[in-house]
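Visitor: Starting off with a structure, shown below.
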Amino acid sequence: MTAEGTVANQFVKQSHELGHLLYWHKHGSVSIQIRQDKTLRWLLINDTLQSVVERNHPENLLFPHLQQLARLWHLYTPPNKVLELGLGAGAIRDYLHTTYPECDVLSVDNNPDIIRCYKRYFSGDHTCAVACMDVDDVLTNDNQYDWIILDLFSELDAPLFLFQHQFYQQLRACLRPGGKLFINFLAEHESQLKQVTHLVITNFGKKPHIEQVPLYANHIIVVSR
């Protein structure tokens with residue numbers, strides 16, 4: 001752990017070898033592992049660390065980009081209704097439930113194995129609001145949210161829909177007036193960040209706030225409806 005309370009880079013690089021294996025499953029080209037040591041439990045997809053939680057305090061955020069997101073969240077009015085796209089090990093929803101206990105959080109992931117792993121290894125509440133759905137399906141209903149948080153795992157490159165106008169039109173429609181969209185964007189190339197920024201400006205009619213996560217390729221993008 002670093003002085004800031006985040007997992008060290010060395011842990012991120014070696015996480016597929018550390019601790020002991022609790023669960024392993026492969027379907028097609030996707031393999032999922034759950035590993036743990038005395039204090040941490042973590043989720044890997046294709047040997048890439050996707051999420052890590054502190055076993056006794058799952059509400060603690062251990063990735064630098066999540067701590068940076070949390071600092072931004074505290075600048076805004078507490079939400080009543082949040083949509084999280086991308087579940088992982090549930091670090092975001094655990095933090096939101098602890099920080100905003102009155103808030104309704106719906107977490108969506110399109111991989112049923114991830115959801116099963118979350119409920120078995122990371123959540124004590126098996127009736128929690130977690131849905132197995134494609135992004136397009138959840139964004140085409142009539143629900144509106146105070147916040148939409150986009151933190152999707154992609155092993156090599158950003159999902160294709162992040163570069164499509166329709167996706168941002170749907171996101172905007174699902175936000176209440178004044179609602180906030182938060183994107184954790186892993187930019188492999190500067191041109192990708194410029195493209196996403198252009199799409200946000202075009203569909204939201206305003207320039208987003210963008211912060212780079214120090215020492216990482218992550219960028220936090222925030223825009224209001």
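The values are calculated or read from the model by the stated rules, or taken from the named source; none is laboratory data. For clarity, every value in this text was computed on a predicted model and none was experimentally measured. Please note: Cβ atoms are built from the backbone with ideal geometry, for glycine as well, and neighbour counts cover all protein chains shown.
Visitor: Is it the case, given these coordinates, that Gln33 is in a strand (DSSP E or B) and more than 21 Å from Gln68 (Cα to Cα)?
Guide: Against the criterion (in a strand (DSSP E or B) and more than 21 Å from Gln68 (Cα to Cα)), Gln33 qualifies.
Visitor: Return the residue satisfying two criteria in turn: it lies in the stretch 188-206 and is under 20 Å from Leu72 (Cα atoms) and touching a residue at least 12 places away in the same chain (Cβ under 8 Å), and of such residues it is surrounded by the fewest Cβ atoms within 10 Å (Cβ to Cβ).
Guide: Across the stretch 188-206, the extreme among qualifying residues is Lys206.
Visitor: Something else: Being of a type outside the set (Gly, Ala, Ser), in contact with a Phe, Trp or Tyr (Cβ under 9 Å, 6 or more places away or on another chain) and farther than 23 Å from Lys180 by Cβ is true for just one of Leu49, Leu66. Which residue is that?
Guide: Leu49
Visitor: Looking at the stretch 178-203 only, could you name the residues that are under 21 Å from the mean Cα position of the chain (by Cα) and among the polar types (S, T, N, Q)?
Guide: Once the filter is applied, which keeps residues that are under 21 Å from the mean Cα position of the chain (by Cα) and among the polar types (S, T, N, Q), the stretch 178-203 yields Asn184, Gln192, Gln195, Thr197.
Visitor: Ok, one more. For the stretch 39-157, give me every one of the strands (runs of 3 or more DSSP E) that falls completely inside it and has 3 or more residues that are surrounded by 15 or more Cβ atoms within 10 Å (Cβ to Cβ) and in contact (Cβ under 8 Å) with a residue 40 or more places away in the chain.
Guide: So the answer is 40-45, 48-54, 81-85, 145-150.
Visitor: Out of Glu84, Glu59, I need the residue that is assigned by TED's automatic domain parsing to the domain that holds Asp146 and of a type outside the set (Gly, Ala, Ser). Which one?
Guide: Just a single option satisfies the conditions, and that option is Glu84.
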